[in-house]
1. Calculated from DSSP H runs of 4 or more alone, at -39500 (n - 2.57) each and per residue, what is the 222 nm mean residue ellipticity of the chain, nearest 500?
2. Enumerate by residue number the chymotrypsin sites (Phe, Trp or Tyr not before Pro) in region 6-53 meeting two conditions: DSSP loop (anything except H, G, I, E, B), and at most 12 other Cβ atoms within 10 Å of the site's Cβ.
3. List every residue whose amide H lies under 5 Å from the amide H of residue 52, counting only residues 5 or more places away in sequence or on a different chain, with H placed 1.01 Å from N in the peptide plane.
4. I'd like the Karplus ³J(HN,Hα) series for region 24-30: coefficients 6.51, -1.76, 1.60, θ = phi - 60°, whole numbers in Hz, and an x wherever there's a Gly or Pro.
5. Just tell me the longest site-free run in the chain, where the sites are trypsin sites (Lys or Arg not before Pro) in a DSSP loop having at most 13 other beta-carbon atoms within 10 Å.
6. Mind sorting 9, 39 by how few other Cβ atoms lie within 10 Å of their own Cβ, fewest first?
7. Under unit Cβ charges (Lys, Arg +1; Asp, Glu -1), what dipole magnitude, rounded to 20 debye, does the chain have relative to its Cα centre?
Amino acid sequence: MTPEQVRFILGTPMLVDPFDASRWYYVHYLREGWSDPKIENLTLLFANGVLVDMQGDFKRSASFSQNF
């Protein structure tokens, strides 16, 4: 996926690394009622204009690495 496609699906990243613009950070924060908040992180890495890696608290699809 290109950065434009990722931005269309996930929205604007919470942070684009100022020292490495190919690394995007997303944070999902959910607090239901009075419960403790649930915080999940997702880091995306691009190379040559294509998504090449993702790290964080979300599971990868089995087909994620088959696209490369």
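Just so you know, all these numbers are worked out from the coordinates, no wet-lab data involved. On a predicted model such as this, the values are computed, not experimentally measured, just so you know. Heads up, the Cβs are rebuilt from the backbone with ideal geometry, glycines too, and the neighbour counts pull from every protein chain shown.
1. It lands at -3000 deg cm²/dmol.
2. Answer by residue number: 19, 34.
3. So residue 52 has HN proximity to 45, 46, 47.
4. Couplings: 10, 10, 10, 10, 10, 10, 10 Hz.
5. After excluding every exposed loop site, the longest remaining stretch is 1-30.
6. Working: 9 8, 39 11.
By the 10 Å Cβ count, ascending: 9, 39.
7. Details: 6 positive and 8 negative charges, 26 e Å.
My answer is approximately 120 debye.
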